[in-house]
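Every number in this text was worked out from the coordinates using simple rules, so none of it is lab data. Keep in mind the model is a prediction, meaning the values are calculated, not measured. Heads up, the Cβs are rebuilt from the backbone with ideal geometry, glycines too, and the neighbour counts pull from every protein chain shown.
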Amino acid sequence: QVQVVESGGGLVQPGGSLRLSCVVSDSIFNLDAVGWYRQAPGEQRELIARITTGYTLYYRNSVKGRFSISRDTVKNTVYLQMNNLKPEDTAVYYCKAERSRDNYWGQGTQVTVSS
């Protein structure tokens, strides 16, 4: 079992920035990948960024150039730096740790982009 805890969400104005953190209870090197997802009201949960153990990165087209995923292997933490936020980025953001065939989700953190 891997515990996953997200933090860093909040209310921000359009054009602002936030950094989300995802702390996992296992070494990042014991995981296959960590991904950030988001789910807006009435919408399906979607993958927006992902980082593998081998440092292969994935970004959804809608966040490319604005969001950046990174990791701190000492702190077992994966970050999502979000810049130039837009109202359409408003959602609950979830972190998922992947290990073998198992997926471990956090509880989510709310991001609201509004003036």
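Of the trypsin sites (Lys or Arg not before Pro) found in the stretch 6-115, the ones in coil according to DSSP and having at most 12 other Cβ atoms within 10 Å of their Cβ are Lys64, Lys75, Arg101.
Counting 0.36 nm for each residue step from Gln3 to Asn84 and taking away their Cα separation leaves a gain of 26.2 nm. Neighbours of Thr52, meaning other residues whose beta-carbon lies under 13 angstrom from its beta-carbon, give a summed charge of +2 when Lys and Arg score +1 and Asp and Glu score -1.
Loop-located GluC sites (Glu not before Pro) across the stretch 1-49 with a Cβ neighbour count of 14 or fewer within 10 Å are Glu43, with loop assigned by DSSP.
Listed by chain and number, the aspartates and glutamates whose C-alpha is less than 15 Å from the C-alpha of Lys96, apart from same-chain residues fewer than 8 away, are Glu6, Asp26, Asp32, Glu46. Mind checking which of Ala33, Gln1, Ser17 is farthest towards the positive end of the chain's charge dipole, using Cβ charges of +1 (Lys, Arg) and -1 (Asp, Glu) about the Cα centre? Of the listed residues, the answer is Ser17. With both residues required to sit in the chain, DSSP beta bridges show an antiparallel share near 95%.
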